[in-house]
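Student: This is the structure I want to talk about, given as structure tokens.
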Amino acid sequence: MSKPQQPPFPNKYNARLVAQTDAKPCTICFKPATTVLLAENNLDFFYTCVQHLLDAQFASPIPSEEYTELKKTVDNLTQKVDTLKKEVDAAKPYLWGISTYWSKDKPTETSKLSDKDKSKSNGTESENNKQKEGEKGGGTSGHKYETLKKQLNTTETELNNKQDELKNFKFKKYTLNQQVYRNRLMSHQKKKYNKERSEKIQQAGFFPSAPNHSIS
Ligand SMILES: [Zn+2]
């Protein structure tokens, strides 16, 4: 007997968009669809609406390198935002409004203190130290706080943009749910069979007149 047969097309589909005017009914729900899924060897294709394309019961996107990179960027930015939030919190000056006013009069003392603090512990200063610094002036720590806050804002904006990009990422390749794929194979088989049969019928000169019963 014959060797186990290779499927006529692989379960790897490329998504292609057609113009709105060329929309055809979605294979599942019959809503107008502009996405065509085309098997990698072009032997099968069908239309699917966006909703079904996003349905895990129907098909799953094959992540591309581009997508994986984007996801990594989002993860890194999320971590960076977390870290910055903690740093901003730690740098928050004690009684901020008053300290700015004071710092104008005593800039030397403050910066000396802050420098000492910085070299001593580099950001991990105790709660106690921070408070003292805030009370005495906090010119430098206020500046650090503002800088960190700005950094946090920028990073958050960048994160939001990348998250949007990730959410709206247009996948180019999909793999079908096993049952859906089996249905595609079956319908392909049936079409092939019907085509061969009608060709045979034509060649053999069956039904010289119009058939009066349907071919099933
Ligand atoms: Zn649909």
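Student: Go through (1) assigned to a loop (DSSP other than H, G, I, E, B); (2) buried (at least 17 other Cβ atoms within 10 Å of the Cβ); (3) within 16 Å of the ligand (Cβ to nearest atom) and name the single condition F30 misses.
Tutor: (2)
Student: Pick from T140, T147, T155: which is modelled with pLDDT under 95, assigned to a helix (DSSP H, G or I) and buried (at least 16 other Cβ atoms within 10 Å of the Cβ)? I'd like the intermediate steps shown before the answer.
Tutor: Values: T147 fails: buried (at least 16 other Cβ atoms within 10 Å of the Cβ); T155 fails: modelled with pLDDT under 95.
The conditions single out T140.
Student: Can you name the residue in the stretch 13-27 that is under 12 Å from F45 (Cα atoms) and outside any strand (DSSP E or B) and is also farthest from the ligand (Cβ to nearest atom) among such residues?
Tutor: T27
Student: Considering only the stretch 79-93, state which residues are surrounded by 14 or more Cβ atoms within 10 Å (Cβ to Cβ) and in a helix (DSSP H, G or I).
Tutor: The answer is K80, V81, L84, K85, E87, V88, A90, A91.
Student: Mind listing whichever residues of the stretch 49-79 are within 16 Å of the ligand (Cβ to nearest atom) and more than 19 Å from K170 (Cβ to Cβ)?
Tutor: Q57
Student: When you scan the stretch 33-48, how many residues do you find that are out of contact with any Pro (no Cβ under 8 Å at 6 or more places or on another chain) and within 15 Å of the ligand (Cβ to nearest atom)?
Tutor: Residues in the stretch 33-48 being out of contact with any Pro (no Cβ under 8 Å at 6 or more places or on another chain) and within 15 Å of the ligand (Cβ to nearest atom): 6 in total.
Student: Can you tell me how many residues in the stretch 142-187 are touching a residue at least 24 places away in the same chain (Cβ under 8 Å) and over 25 Å from the mean Cα position of the chain (by Cα)?
Tutor: Qualifying residue count, the stretch 142-187: 7.
Student: Here's a follow-up. Does the stretch 50-69 include one or more residues that are touching a helix residue (DSSP H, G or I) at 6+ places or on another chain (Cβ under 7 Å) and either outside any helix (DSSP H, G or I) or modelled with pLDDT of 55 or more (or both)?
Tutor: There is at least one residue in the stretch 50-69 that is touching a helix residue (DSSP H, G or I) at 6+ places or on another chain (Cβ under 7 Å) and either outside any helix (DSSP H, G or I) or modelled with pLDDT of 55 or more (or both).
The values are calculated or read from the model by the stated rules, or taken from the named source; none is laboratory data. Given the structure is predicted, the values throughout are model-derived calculations rather than measurements. So basically every Cβ, Gly included, is an ideal-geometry build from the backbone, and we count neighbours across all protein chains shown.
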